[in-house]
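Q: Before we start, here is the structure in question, set down as structure tokens.
The values are calculated or read from the model by the stated rules, or taken from the named source; none is laboratory data. Source: prediction; values computed, not measured. Using ideal geometry, Cβ is built from the backbone for each residue, glycine included, and neighbour counts are taken over all protein chains shown. Ligands, DNA and RNA are stripped out before the accessible areas are found, and what is left, the full protein with its side chains, is counted by its heavy atoms. Shrake-Rupley method; radii C 1.70, N 1.55, O 1.52, S 1.80 Å.
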Amino acid sequence: DAPCTVDSITRVMGSTEFTVSAGAAPPAVTVNPGSIATFTIQFSPTMMGLQNAVFRVHNATSNTDTDITVEANQPPPQGCALEADPSFLNFGVVPVGRINSRNITLRSIGTEDCSLSQITFPSGAPAFATTSTPTPILGTLVTAGNSINVAITFRSQTAGPHNGRVRLTYREGGF
């Protein structure tokens, strides 16, 4: 049991939102048997979702590496917040006069419940519409951590490409 010298800690893969905190990265730190050396890995998220990274700790004494995997989630937004998945719909080739339907999942990612209050189509109507009837979808409570599906349809009225936009309006809590 001899001391070991840690001479580097580097992120070798994964999210760049994990870093070794300033002052924590060693030029070289000797760790005696039975002792502990502490290094701080900081997570500064800028996007939602689970993220991970792998850090490599190099032992200069034995010329070996130890990989450490870290993972974390960004905390949820405060209040009511919905996330649409997918955020882009492709209806494919739809013959004139035919209808194609796609679902959008609305996931409540905030800390409070959300109530869906309006579905509008600022562009693309009437070719784009929802088959989710105003009741019960409008006023539907999406509790924190849960989701609902909203069906969006496209009815081709003319040949060629079509673009549309759906706006889902919601607010905190119920009506």
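Q: Calculate the length of the line joining the C-alpha centroid of the range 1-17 to that of the range 59-111, in whole Å.
A: What the calculation gives is 30 Å, centre to centre.
Q: What's the local net charge at GLN118, with K and R +1, D and E -1, over the other residues with C-beta under 11 Å away?
A: Within the 11 Å Cβ shell, the charges total +2.
Q: Another one. Once fully extended, how much extra length lies between ASP67 and ASN149, figured as 0.36 nm per residue of separation less the alpha-carbon to alpha-carbon distance?
A: Working: separation 82, 0.36 × 82 = 29.52 nm, distance 4.09 nm.
Net length gain for the segment: 25.4 nm.
Q: With the other protein chains left in place, how much accessible area per residue, in square angstrom, belongs to the range 1-68 at a 1.4 angstrom probe?
A: Details: 4250 Å² over 68 residues.
Ligands and nucleic acids excluded, the result is 62 Å² per residue.
Q: Please work out how much length the chain gains when fully extended from PHE121 to ARG56, using 0.36 nm per residue of separation minus the C-alpha to C-alpha distance, in nm with one decimal. Working shown, then result.
A: Numbers: separation 65, 0.36 × 65 = 23.40 nm, distance 5.02 nm.
Value of the extension gain: 18.4 nm.
Q: Starting from the exponent 0.38 and prefactor 2.2 Å, build the expected Rg for the chain from its residue count and divide its actual Cα Rg by it. Walk me through the numbers before you get to the answer.
A: On the way: Rg = 25.5 Å, N = 175, 2.2 N^0.38 = 15.7 Å.
Relative to the rule-of-thumb radius for its length, the chain sits at 1.63.
Q: If Lys and Arg each add +1 and Asp and Glu each add -1, what is the summed charge of the other residues whose beta carbon sits under 11 Å from the beta carbon of ARG171?
A: Details: positive: none; negative: GLU112, ASP113, GLU172.
Net local charge, ARG171 excluded: -3.
Q: I would also like to ask the following. Note the full-extension length gain between VAL29 and SER87 as 0.36 nm times their separation in residues minus their Cα-Cα distance, in nm to one decimal. Walk me through the numbers on the way to the answer.
A: Details: separation 58, 0.36 × 58 = 20.88 nm, distance 4.80 nm.
Full-extension gain reported as 16.1 nm.
Q: Taking just the alpha carbons, could you work out the radius of gyration and Dmax for the range 1-91, both in angstroms?
A: 18.5, 65
Q: Carbon-plus-sulfur fraction of the accessible area of the chain, 1.4 Å probe, in percent? Mind showing how you got there, number by number?
A: Working: 5400 of 10670 Å².
The computed percentage sits at 51.
Q: Let me have the 222 nm mean residue ellipticity of the chain computed from DSSP H runs of 4+ only, each contributing -39500 (n - 2.57), with the sum over all residues rounded to the nearest 500. Before the final figure, lay out the partial values.
A: On the way: 1 runs with 4 residues, N = 175.
Helices in the chain give a 222 nm mean residue ellipticity of -500 deg cm²/dmol.
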